[in-house]
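Below is one structure, written out as structure tokens, with a few remarks after it.
The values are calculated or read from the model by the stated rules, or taken from the named source; none is laboratory data. Keep in mind that what you see is a predicted model, and the values were worked out from it rather than measured. Please note: Cβ atoms are built from the backbone with ideal geometry, for glycine as well, and neighbour counts cover all protein chains shown. We work out accessible area using only protein heavy atoms, side chains counted, and drop any ligands, DNA or RNA first. Shrake-Rupley method; radii C 1.70, N 1.55, O 1.52, S 1.80 Å.
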Amino acid sequence: MMQKRKIRINPAGKIVLGFLSVILIGTFLLCLPISSKDGQWFFFVDSLFTSTSAVCVTGLITVDTAVHFTVFGQIVIMILIQIGGLGFITLTSLIFLILGKKITYQNRITIQESLNQDKNQGIVKMVKNIVILVFCIEFVGFLCLLPSMVNLFGWSKGIFSSLFLSVSAFCNAGFDILGTQQTAFASLAPFAQNSLILLPIMLLIVIGGIGFVVLFDIGNKFKQKKKMSFHSKIVIYVTLILIFGGAVMFAILEWNNPNTIGNMNVWDKIVNSFFQSITPRTAGFASFDQSKLTPESLILTDILMFIGGSPASTAGGIKTTTLFILFVAMFKNSTNKGDYVFCKRQITGKLVQKALKVFCLSLLLIIVATACICLVEGNNILVGSILYEVISAISTVGLTVGITPSLNVVSKLILTFLMFVGRVGAVTLTVMFASKVKMANDEIEYPDSKIIVG
């Protein structure tokens, strides 16, 4: 008798299939009449788009979350955001631990891959610590937002809005349930001059986007007086440069723009400049209409969205460390082995290759997707607006210039695919389909190609 061949799925494949299964379950739940205020079945493509946006912690929407969805639908979206923020593999591992099931070596490898770690030693303990840390930070965020939300909406809606916003902000999702029929798709624009709402959300975004490894490192530094890792130092330095540099640039470019921050007082101008610098990396909340930004500010936002947050975090984009590695490779000469040295630390050629692959794959997807949507939409929408939406989708940001609801089905599906790729990672997808090839001839030397570059 012939034995059935067992299908083996590599860790990257498990991550991809895990996210895909959650998205499909979310799509079904959001399609149900109980999820919509009009009591009708929700259009499948829009439901798929919303579910993908929530699980991939993006925030792009085709219908206003508060206006269209019932409390049930909003709870489904919040749960999808939480799963997306924690990561499907992390959450599954937690359930296994609660049920007392053993985490196998293969599962440990998958967790290692999902958290972007170099080794699986102590990975289960790390999962426990991540979950505890996430819930603690979200609870503190909830408490900070609670007075403002209760003051605006009363106790019942105020409590739920605080919880929803805290989860959405920490997970860098950009969803909100503050809209009305008159302020649909307005995001946080009605609260642009309310620092008690903007400041906690900004802090949650930064903490969520900085990465779990860095958060643990910071905790160990104060708790056990340990030195922070080189990775954590780079993430913190690059993050601070981007936040403060972006805020200064936005303040200069938008200071007198009456459509954005021009009519605000000095304090609110400063707060909103920082908010606009932080939210593209990669939260998606907007304190004013993004379509009203100056062309220079739109380009700056595109760049910040493309960079995104940091590895092993709830953020998307090519990541701060990728940017750092590419800058080192550009401005420093490599050693004879093809490695780079920065601050007496070696950055291997393999690491530079990975960073370059992430950058090129992301850029290629942006160019192809923008071209495809331009073909589908014709001359109805400006290329700049489409590019903004595409970068927002693949970097799982959620900022929009307002064109998403009016896009046709094909364009929405393209953005849905980009959000999915942006969350699981383009490199993860390529690894999933990569075949295992034995490199028996690694030591064979071939003639130099002698290609002229530059």
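Brief remarks on what is shown
- Once backbone amide H atoms are built at 1.01 Å from N, Thr70 has Ser36, Lys37 as its partners under 5 Å, excluding neighbours fewer than 5 places away on the same chain.
- Between the amide H of Ala186 and any residue lying 5 or more places away or on another chain, no distance stays under 5 Å, with hydrogens modeled in the peptide plane.
- Residues Phe417 and Glu296, FRET efficiency given R0 of 30 Å [Cβ-Cβ distance, rounded to 0.05]: 0.50
- Heavy-atom accessible area, probed at 1.4 angstrom with all protein chains present, ranks Cys372, Cys343 as Cys343, Cys372, highest first.
- Estimated distance in nm for a label pair at Lys128 and Asp289, the labels positioned 7 Å out from Cα along Cα-to-Cβ: 5.3
- Phi to ³J(HN,Hα) by Karplus 6.51 cos²θ - 1.76 cosθ + 1.60 over region 209-216, Hz, x for Gly, Pro: x, 8, x, 5, 4, 5, 4, 5
- Largest first, the extents of the alpha carbon coordinates of region 336-434 on the three principal axes equal 53, 30, 21 Å.
- Calculated FRET value between Lys37 and Leu143, using beta carbons and R₀ = 30 Å, to 0.05: 0.55
- Region 162-254: equivalent-ellipsoid semi-axes (sqrt of 5 x gyration tensor eigenvalues, Cα, Å): 30, 18, 10
- Accessible heavy-atom area order of Leu326, Leu204, highest first, probe of 1.4 Å: Leu326, Leu204
- Heavy-atom accessible area with a 1.4 Å probe sorts Phe216, Phe250, largest first, into Phe216, Phe250.
- Cross-linked pairs Lys128/Lys319; Lys223/Lys344; Lys128/Lys269; Lys14/Lys157; Lys128/Lys227: Cα-Cα separations exceed 30 Å for Lys128/Lys269; Lys14/Lys157.
- Estimated at the nearest 10 Å², the accessible area of Leu323 is 40 Å² with a 1.4 Å probe.
- 5 angstrom amide H check on Phe342, placed H, neighbours 5+ away: Ile347
- Shown here for region 273-380: trypsin sites (Lys or Arg not before Pro) in loop regions (DSSP other than H, G, I, E, B) with at most 11 other Cβ atoms within 10 Å, namely Lys337, Lys344.
- Solvent-accessible area, 1.4 Å probe, carbon plus sulfur percent, for region 47-91: 85
- Heavy-atom accessible surface of region 207-320: percent carbon and sulfur, 1.4 Å: 67
- Simple label model, 7 Å out from Cα along Cβ direction - Ile25 to Phe244, nm: 4.4
- Ligands, DNA and RNA excluded, the heavy atoms of Val410 present near 80 Å² of accessible surface to a 1.4 Å solvent probe.
- Per residue, the accessible area of region 129-200 comes to 42 Å² when a 1.4 Å probe rolls over the protein heavy atoms.
- Separation between Cα centres of region 157-195 and region 338-354, rounded to whole Å: 42
- Legend: calculated FRET efficiency, Phe44 to Phe72, from the Cβ-Cβ distance at R0 = 25 Å, rounded to 0.05, equals 0.85.
- What the Cα convex hull of region 318-385 gives, in volume per residue, is 98 Å³.
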